[in-house]
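In what follows, a single structure is set out as C-alpha cells and then discussed.
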Amino acid sequence: MTLQIKHLHKEYKDITAVNDMNLELPKGQVLGMLGRNGAGKTTTLKMLLGLVQPTSGEIRWDGKPIDRREISFGYLPEERGLYPKIKVMDQLRYFGQLEGMSKKAIESGINYWFDRLEMNEYRDKMAGELSKGNSQKMQLIGTLLHDPDFIILDEPFSGLDPVNAEMLSSVIEQLIADNKTIVLSSHRMEQIELFCENVVMMKQGRIVLSGKLNEIKENYGYKNVRIESDQDLTPWLNRLQVAFEQKNNVYTAQVRSAERALAVISHLEQQNIALRGFSVQEPSLHQIFIERVG
Amino acid sequence: MNPFFTVLQFHLKESYRSKAFKIMAVVMFLLVVGFFAAAHFMKDDSKLDIKILTESSEYTLDIDRINKQSETMDLVPIERTELDASKEEVKNGDADGVVVIGQTSEGLPTLAYSYSQFPDLDAIAVIQNELKSQYIVHVTKEKSIAPDAAEALLAQIDVHEESLNRTNALGLVYFFAFLMYLFITLYGQMVALSIAGEKVSRVMEIMITKVKPTTMMYAKVIASMIAGLTQIAIVAAGYLTARAMGWVGEDLSIMGMPIDVSIVTVKLFAFLVVYFILGYSLYAILYAAMSSIISRIEDMNSVTAPLSVLLIAAFILAMQCMVDPNSTTVVIASYIPFFSPMVTFSRLVMGEASTMELIITTAEIAAAIGLLSLVTNRLYTSGVMRYSEKTKFSDVIKLTREA
C-alpha cells in the first residue's frame, strides 16, 4: 500500500473537522474525495500535505510516516493564486527551484507543459494579465512541473471552459497512465466517476462511504432500470410495486437486483407493451452522493 | 539551492525590480548629493543690512571702519526723515534692522534697535561696544582719569567657548533618526504587504506546500533588510560622491540644526548598520506575523497600527534625545528594545552612549528578537492558513494565545 490513513482525527476548539478517518490508497490509483462544503475534505488534504497537524492518528506513505521532505508532492489548491505582478515564466522557474529542480530540467519541463497546454503565447505575460482559465492552467503547470509522485488536485475543473476541461482530462488520464498516485477532490461527480477507481464520501468529518467505486455501485442495494416506451407504464409499474420516476416517455425504476430488473422487463413484454428500449444501470455517483451525504 | 536562499533571491530580485525601490534609490541619492551641492554653491554670503540713524552729537560711529572690519553686517546711515520708511523695509524683509543712536540728558548713549522677528545680538553687540568705548573715553576725560587707567578700563575680556554637549551633532541625530524610522517603517511594511499579498492572491496556498512557513518568513524579512541596507549604501554613496566633488564643507545645517560631518566615522556608520539591522529585524518579524493573519489588504492598518505607534514613539524619543540626551526618559528608553535602535543610536551620535551601553542594548535587542521569534514563528505558521472575513488587532492577541 502506498498511502494509509489510520484513525485520523482533527479537532479545533469548537468543532471536529475530521473524525476517526481510515483509508488506504494503492500506488498508481486515484482516490475521489467527495463531500459537501465543510465536510472535512480540505482539512484532510492539508493533513496529507503536512500543513495541519492531526490531533491524533497517522498518515503513512510506504509504511513510514508521511514526510514532505521525502515525497514529491504536487498540490493544486482549490483557491487559485499566482503573483499577479510577476511574469509567469519567472514564477514557474521559482516553483521549480523550490522543488529542487535543475535549471535545465525546469526549462525543458516548462517547454513541455507550455506546448501541451497551448500556453506558449503567454510566456512573457504577467500572471495578472491572464484569464481565469489560463491562470488555472499555469497553476497546473506549477503543480506538475517537478513530476511529483503524489498529486492532490482540489476542484481542478472549476472555472474551466469545455475545451480546457477536456485538456485537463487528458492530462489526468496521462498521469494515471504514468502510475501517479492522485487524490482528487471535486463536486463534479462525472469527473470523479471518470477518473477515480476509489472514492471516499465525507459528512461532518466522518467517512460515510468508501471503497472501490465499482464495488460500491454494485453492492449499493439497488439497480436502475431505464425503460423507454410510448405507452403509459404507470399502472403496470404500480402493479409490480416498483418505485419509479417518469420524464417524458422514459421511466427510471429502482429495483433490488439485476434479476429483479430483468423480471420487470419480462413482465412488461408479457403484457405486450411496446418498449423502445431498456437498460439496467448501476446507481450513479450523483444518486449515491445525494442519498448518503445530501 | 537551499529553499531559504531561493525564496530570498526571488524576493530580493522583486524588490530591486520594483518601481518604488528604483525611485527611492534615485531620490535618496539626489537628495544627499543635492543637499551638499546646495550648501556648497548657494552659501549665504550676504551681510546683514542695518540702517543707522545718529541723533546724538556726542556719540557717532565710524561706519566705514566698522563695515570694513565686519564680515557679517553692513551699516547704512540714514536721515531722520527716512526712519519710518526704513522700519517698513525691515518689516517687509528688505532690511535686517534699524538702529537709532541717541543720548540721555545725563550724557549716556542710548540705542533703539528695531528688527523683524528675531534680533541679531552679535551685530548689536558690536555697535553697543563701540558706543561703550566712546562713553568710557568721554567719562575718563571728564573725570580726569589717567590715560593708562582709561586704557585698562577699555580692555576686552576674552571668552573661550567650550560646548559640553555635542550641539554640532543635532542635525546628524535628526537625519539618522529619521533615516532609521523611515527605513524600518518602509521595509517592515514592505514585508507585511508582501505576505498579505501572497495571502490575498492565494499564492500562499501553493507556497506553503513547497517551503516551510518560517523559512519563507525569514527569507522575506532578510530580503527586505538587504534592500534596506542597499538604500543606506546609496545614501552613503551620495555622501561620498559629494565629498569627492569637494562639496562637503563646514557650516552645514539641516532645518537650522548644525551638522558636523566629522562625527561620521566608520564606527558610527557601523553602529548605524547594526542598529538598523536589529531594529528592522525586531519590527519586521512582528510585521510579518501580524500581516500573516489577515485575508484582506484593508485590514492591514488595523492589525499593524500598534507597531506604527511604537515606531513613532521611538522617533519622538530620539528627537527628545537632541534636546536632553541624558534625561531619565531618554536613558530608560535607550534600554527598551522597541526604542533602543533609534534612541541609543541618537545618544551615540550625541556622544553620550558609553561602550557598555552599546553592548547591553545590542544584546537586549538581539535577545528580544530571539524571544519574539518563538511567538511570531507560531503565529505566522497558523496565520498563513487562516482565512476570515475581517481581522482586527484583537485577533492577533487571540491567535497568539492559541499559538
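The values are calculated or read from the model by the stated rules, or taken from the named source; none is laboratory data. Computed from a prediction, not measured in an experiment: that's the story for all the values here. Here Cβ is always computed from backbone atoms with ideal geometry, including for glycine, and neighbour counts include all displayed protein chains. Protein only, heavy atoms only, side chains kept; ligands, DNA and RNA dropped before computing areas. Shrake-Rupley method; radii C 1.70, N 1.55, O 1.52, S 1.80 Å.
Does at least one position in the range B:270-277 carry a residue that is exposed (fewer than 15 other Cβ atoms within 10 Å of the Cβ), at pLDDT 85 or above, over 30 Å from A:Gly128 (Cα atoms) and in the same structural domain as B:Ser346 (by TED's automatic domain parsing)?
yes
Residues of the range A:49-70 being more than 10 Å from chain B (Cβ to nearest Cβ) and open to solvent by less than 20 Å² (accessible area, probe 1.4 Å), which ones?
A:Ile59
What number of residues within the range A:148-190 satisfy the criterion of being among the polar types (S, T, N, Q) and either closer than 27 Å to A:Gly100 by Cβ or more than 14 Å from the chain's Cα centre (by Cα) (or both)?
Total meeting the criteria: 6.
Going residue by residue through the range A:23-46, is there one that turns out to be within 14 Å of another protein chain (Cβ to nearest Cβ), touching a residue at least 12 places away in the same chain (Cβ under 8 Å), β-branched (Val, Ile, Thr) and open to solvent by 20 Å² or more (accessible area, probe 1.4 Å)?
Yes, the conditions are met somewhere in the range A:23-46.
Might you let me know whether the range B:358-379 holds any residue that is assigned to a helix (DSSP H, G or I), touching a residue at least 12 places away in the same chain (Cβ under 8 Å) and either within 24 Å of B:Val261 (Cβ to Cβ) or not assigned by TED's automatic domain parsing to the domain that holds B:Val303 (or both)?
Looking for residues that are assigned to a helix (DSSP H, G or I), touching a residue at least 12 places away in the same chain (Cβ under 8 Å) and either within 24 Å of B:Val261 (Cβ to Cβ) or not assigned by TED's automatic domain parsing to the domain that holds B:Val303 (or both), one finds at least one in the range B:358-379, hence yes.
Can you name every one of the helices (runs of 4 or more DSSP H) wholly within the range B:64-157 that holds 2 or more residues which are under 41 Å from the mean Cα position of the chain (by Cα)?
Fully inside the range B:64-157 and qualifying: B:83-92, B:121-142.
Can you name the residue in the range B:23-53 that is β-branched (Val, Ile, Thr) and out of contact with any Pro (no Cβ under 7 Å at 6 or more places or on another chain) and, of all such residues, is most open to solvent (accessible area, probe 1.4 Å)?
B:Ile23
So how many residues does the range B:303-336 have that are over 18 Å from the mean Cα position of the chain (by Cα), surrounded by 14 or more Cβ atoms within 10 Å (Cβ to Cβ) and either at positive phi or not in a helix (DSSP H, G or I) (or both)?
Of the residues in that region, 2 qualify.
Can you find, within the range B:1-22, the residue that is nearest to the other protein chains (Cβ to nearest Cβ) among those that are within 14 Å of B:Ile226 (Cβ to Cβ), in contact with a Phe, Trp or Tyr (Cβ under 8 Å, 6 or more places away or on another chain) and open to solvent by less than 30 Å² (accessible area, probe 1.4 Å)?
B:Phe10
With the structure loaded, tell me whether A:Phe73 is at the interface with chain B (Cβ under 10 Å from one of its Cβ atoms) and at pLDDT 90 or above or whether it fails that test.
Against the criterion (at the interface with chain B (Cβ under 10 Å from one of its Cβ atoms) and at pLDDT 90 or above), A:Phe73 does not qualify.
For B:Leu83, state whether it is surrounded by 14 or more Cβ atoms within 10 Å (Cβ to Cβ) and either basic (Lys, Arg) or assigned by TED's automatic domain parsing to the domain that holds B:Ala223 (or both).
Judged against the criteria, B:Leu83 is not a match.
Quick one: in the range A:82-109, of everything that is aliphatic (A, V, I, L, M) and surrounded by 20 or more Cβ atoms within 10 Å (Cβ to Cβ), which residue is nearest to the other protein chains (Cβ to nearest Cβ)?
A:Leu98
Only one of A:Leu168, A:Leu175, A:Leu140 is assigned to a helix (DSSP H, G or I), within 14 Å of another protein chain (Cβ to nearest Cβ) and touching a helix residue (DSSP H, G or I) at 6+ places or on another chain (Cβ under 9 Å); which?
The unique qualifying residue is A:Leu140.
Among the residues of the range B:189-205, is there at least one that is open to solvent by less than 10 Å² (accessible area, probe 1.4 Å), away from chain A (no Cβ under 14 Å), in contact (Cβ under 8 Å) with a residue 24 or more places away in the chain and on the phi < 0 side of the Ramachandran plot?
For the range B:189-205, residues open to solvent by less than 10 Å² (accessible area, probe 1.4 Å), away from chain A (no Cβ under 14 Å), in contact (Cβ under 8 Å) with a residue 24 or more places away in the chain and on the phi < 0 side of the Ramachandran plot: present.
I'd like the full set of residues that are at positive phi and more than 15 Å from the chain's Cα centre (by Cα), limited to the range A:195-225.
A:Gln204, A:Gly205, A:Gly221
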